[in-house]
1. Out of L197, L148, report the one residue that is in contact with a His (Cβ under 6 Å, 6 or more places away or on another chain) and at pLDDT 90 or above.
2. Against the condition small (G, A, S), over 21 Å from D127 (Cα atoms) and in contact (Cβ under 8 Å) with a residue 40 or more places away in the chain, how does G204 come out, does it pass?
3. Name, by its number, the condition in (1) open to solvent by 20 Å² or more (accessible area, probe 1.4 Å); (2) of a type in the set (F, W, Y); (3) outside any helix (DSSP H, G or I) that does not hold for Y196.
4. Within the bounds of region 281-292, is there any residue that is among the β-branched types (V, I, T), open to solvent by less than 50 Å² (accessible area, probe 1.4 Å) and either over 17 Å from F222 (Cα atoms) or in a helix (DSSP H, G or I) (or both)?
5. Of the residues N229, N217, which is open to solvent by 50 Å² or more (accessible area, probe 1.4 Å), within 23 Å of E186 (Cα to Cα) and at pLDDT below 95?
6. Which condition number does H184 fail, the rest of (1) of a type outside the set (K, R); (2) touching a Gly at 6+ places or on another chain (Cβ under 7 Å); (3) within 18 Å of F255 (Cβ to Cβ) being met?
7. Can you say whether L239 is out of contact with any strand residue (DSSP E or B) (no Cβ under 6 Å at 6 or more places or on another chain) and surrounded by 16 or more Cβ atoms within 10 Å (Cβ to Cβ), as far as the supplied structure shows?
8. Residues that are open to solvent by 70 Å² or more (accessible area, probe 1.4 Å), farther than 18 Å from H184 by Cα and without any contact (Cβ under 8 Å) to a residue 12 or more places away in the chain: does region 117-133 have at least one?
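The values are calculated or read from the model by the stated rules, or taken from the named source; none is laboratory data. In this text, all values refer to a predicted model and were calculated from it rather than measured experimentally. Note that each Cβ is placed from the backbone with ideal geometry, even for glycine, and that neighbours are counted across all protein chains shown. What goes into the accessible areas is simple: the full protein's heavy atoms, side chains included, and nothing from ligands, DNA or RNA. Shrake-Rupley method; radii C 1.70, N 1.55, O 1.52, S 1.80 Å.
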Amino acid sequence: MKITDHIINAKGKTLFSFELLPPIKGQSIKGIFDAIDPLMEFNPPFIDVTYLREDYIYKQHENGLLEKVAYRKRPSTVATCAAIMNKYKVDAVPHLICGGFTKDETENALIDLQFLGIDNVLVLRGDARKSDSMFIPTPNGHAYASDLVQHVGDMNNGRYLHDDMESSEKTDFCIGVAGYPEKHFESPNLDTDFKYLKLKVDMGADFIVTQMFFDNNKYKEFVDKCRANGIMVPIIPGLKPITNSKQLMSLPKTFHLDIPLALSEAIQACKNEKEVKEVGIEWMINQGKELREMGAPVLHFYTMGNPEPTKRIARAIF
């Protein structure tokens with residue numbers, strides 16, 4: 001079922017969902033099931049599966065020369081989605097990224113997803129490789145998330161890359177895109193951010209999932225500005241609790257977000273990491289309750305494969 005249909009069928013009730021990483025190359029699917037099982041009591045209608053682009057490693061040969069080799073640490077998003085749908089009978093939402101894929105490879109992946117009965121995709125540009133200072137598009141690949149939205153939208157209308165394909169069947173993907181309540185770090189200003197978000201919606205995006213945030217006013221302002229700019233699709237808040245003190249520095253640096261003063265001071269006053277985790281979970285419980293009262297369609301948690309904090313938060317909210 002499409003994400004938008006799940007939201008409509010909920011009739012105003014806030015749903016629960018979460019996101020996880022596919023297994024590291026060489027590992028079994030059991031770790032994924034162990035991360036999902038504790039959260040199934042909250043009846044998630046869908047589960048997101050991320051996709052990380054390739055990076056480079058250097059292999060040294062016997063002659064001493066180094067060979068630069070492309071390497072995918074987590075290569076199995078499509079297979080992970082299929083396993084989740086087969087075991088849990090819920091919708092799996094694969095992330096579709098620009099980096100690391102040609103347009104033909106993207107189209108082939110979308111065809112495979114259609115064959116698997118996957119109705120939703122979350123379309124993202126994706127991050128730069130760790131070895132690159134900025135995002136570098138793959139040759140003959142998409143450079144922007146809007147290009148990828150256009151590609152999926154074309155296939156939904158029966159238009160494939162190669163004109164010689166006859167009787168092309170229309171796909172029917174529900175398309176999600178990312179939103180940034182505190183601005184994408186590469187955008188010169190928030191107005192420009194909204195300009196490109198509106199472009200993606202006009203191209204066919206059906207829902208928005210936000211970057212994590214810790215101040216619900218940021219979400220409210222973001223939703224209000226979306227509506228003022230004619231962006232009327234559902235806006236799903238993305239959430240992640242702080243669970244260790246290092247995140248006070250790492251989260252703002254990595255995700256370019258603000259941590260409210262009250263939260264940062266409460267964490268800094270903690271005597272140990274156990275207390276930090278309790279503060280972070282309690283903050284997220286209160287944040288989630290308020291978002292439900294605000295009418296958020298879904299509370300979407302970034303679990304990073306650790307279900308325990310999310311389980312405690314969900315039990316207090318749902």
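1. Details: L197 fails: in contact with a His (Cβ under 6 Å, 6 or more places away or on another chain).
After ruling out the rest, the residue left standing is L148.
2. Values: small (G, A, S): yes; over 21 Å from D127 (Cα atoms): yes; in contact (Cβ under 8 Å) with a residue 40 or more places away in the chain: yes.
Here the answer is yes, as G204 does meet what is asked.
3. (3)
4. Of the residues in region 281-292, the ones among the β-branched types (V, I, T) are 281, 285.
Then drop every residue that is not open to solvent by less than 50 Å² (accessible area, probe 1.4 Å), which leaves 281, 285.
Adding the requirement that they be either over 17 Å from F222 (Cα atoms) or in a helix (DSSP H, G or I) (or both) leaves 281, 285.
The answer is yes, given that some residue of region 281-292 is among the β-branched types (V, I, T), open to solvent by less than 50 Å² (accessible area, probe 1.4 Å) and either over 17 Å from F222 (Cα atoms) or in a helix (DSSP H, G or I) (or both).
5. Details: N217 fails: at pLDDT below 95.
Just a single option satisfies the conditions, and that option is N229.
6. If we test H184 against (1) of a type outside the set (K, R); (2) touching a Gly at 6+ places or on another chain (Cβ under 7 Å); (3) within 18 Å of F255 (Cβ to Cβ), just (2) comes out false.
7. Numbers: out of contact with any strand residue (DSSP E or B) (no Cβ under 6 Å at 6 or more places or on another chain): no; surrounded by 16 or more Cβ atoms within 10 Å (Cβ to Cβ): yes.
Considered against the rule, which asks whether it is out of contact with any strand residue (DSSP E or B) (no Cβ under 6 Å at 6 or more places or on another chain) and surrounded by 16 or more Cβ atoms within 10 Å (Cβ to Cβ), L239 comes out as no.
8. Checked region 117-133: no residue is open to solvent by 70 Å² or more (accessible area, probe 1.4 Å), farther than 18 Å from H184 by Cα and without any contact (Cβ under 8 Å) to a residue 12 or more places away in the chain.
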